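Trainee: Take this structure first; my questions come after.
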Amino acid sequence: MRRRSLLAASAALPLTARAQAPEPVDVLLVLAVDVSRSIDEDEARLQREGYRNAVSDPRVVEVIRRGMIGAIGLAYVEWAGFEYQRLVLPWTRIANQADADAWASALAEAPRASLSWTSISGGIDFSRRVLAEAPFEGTRRVIDVSGDGVNNSGRPAELARDEAVAQGIVINGLPIINDRPTFGRMPQIPLDQYFQQSVIGGTGAFMIVAEDFDAFGTAVRRKLIREIA
């Protein structure tokens, strides 16, 4: 009887392990979004709408469905100065149109804050921690950084990027060209050039430039399709 009980317990172990294993996804993607005060209310609305419309776009959903697994893990982070980062929408597994629409509705309802300064390094460091706590198992890990200014708070963005890349994380960029000065100063280097040199990194890293906030939605959709595919 004891032998039979041990065999039964042993046979049950693989099922238990499988039940506890994280669900697989094609990519774990953190959308790390700038909410510093250089982005006004209208621009913040366009930015949120850009992400909502892109994630729920049937073309994006179709790309997700065509993946090897047919699902992605998505988290939405907002950041400003080095002291402010928050997880606005936790990890969500998106595998179909209903998932994508529900995610877009949740983002529409999420409150928004705006704080001073721009810490791309803080946003990357926080996004790394979010990736480490993902409840899904992804074949790739990506941080998608969007913003309209250079790092002016916290440690250099290059240090945060290099540490993330050393862990196998890819950082892609979506610089938003905004011709207004930040805190009365214009950047010393064009923003797209800065993102190329100091923000993006890892195997296959790329950036897509949004020429302004009105063009942001199209840029996000193009970027998501490329990241997922």
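The values are calculated or read from the model by the stated rules, or taken from the named source; none is laboratory data. As the structure is a computational prediction, the values presented were derived from the model and not from experiment. Cβ atoms come from the backbone with ideal geometry, glycine included; neighbour counts cover every protein chain shown. We work out accessible area using only protein heavy atoms, side chains counted, and drop any ligands, DNA or RNA first. Shrake-Rupley method; radii C 1.70, N 1.55, O 1.52, S 1.80 Å.
Trainee: Would you look at the GNM of the chain, springs on alpha carbons closer than 10 Å, and say which of 109, 163, 23 moves the most?
Mentor: Looking only at 109, 163, 23, the biggest GNM fluctuation is shown by 109.
Trainee: Quick check: pseudo-label points 7 Å beyond the Cα along Cα→Cβ at residue 162 and residue 132, how many nm apart are they?
Mentor: Label at residue 162, label at residue 132, 2.0 nm between them.
Trainee: Sticking with this one: Please figure out what share of the DSSP beta bridges in the chain is antiparallel and state it in percent, rounded to the nearest 5.
Mentor: DSSP beta bridges in the chain are roughly 25 percent antiparallel.
Trainee: In addition: Residue-wise, which Karplus ³J(HN,Hα) couplings in Hz belong to segment 38-45, taking 6.51 cos²θ - 1.76 cosθ + 1.60, θ = phi - 60°, and x for glycine or proline?
Mentor: 6, 9, 7, 4, 5, 5, 4, 5
Trainee: Would you work out the charge dipole size for segment 95-175 about its Cα centre, treating the Cβ of every Lys and Arg as +1 and the Cβ of every Asp and Glu as -1, and quote it to the nearest 20 debye?
Mentor: 200
Trainee: Nearest 10 degrees, 0 to 90: what angle lies between the long axis of helix 157-166 and the longest principal axis of the chain (Cα atoms)?
Mentor: Around 20 degrees separate the two axes.
Trainee: I've got another one for you. Can you compute the equivalent ellipsoid semi-axes for the chain, i.e. the square root of 5 times each eigenvalue of the Cα gyration tensor, sorted largest first and rounded to whole Å?
Mentor: 36, 19, 16
Trainee: For residue 138, list long-range residues whose amide hydrogen, built 1.01 Å from N in the peptide plane, is under 5 Å from its own amide hydrogen.
Mentor: So residue 138 has HN proximity to 25.
Trainee: How big is segment 119-217 in terms of Cα radius of gyration and Dmax, in angstroms?
Mentor: 13.7, 44
Trainee: Something else about it: Could you tell me the relative contact order of the chain? Use alpha-carbon pairs under 8 Å, at least six residues apart, and round to a whole percent.
Mentor: Contact order relative to length: 25 percent.
Trainee: Which of these, 176, 189, 72, has the largest mean-square fluctuation under a Gaussian network model of the chain (Cα springs below 10 Å)?
Mentor: 189
Trainee: With a probe of 1.4 Å, find how much accessible area the chain has per residue, and write the answer as a whole number in Å².
Mentor: 49
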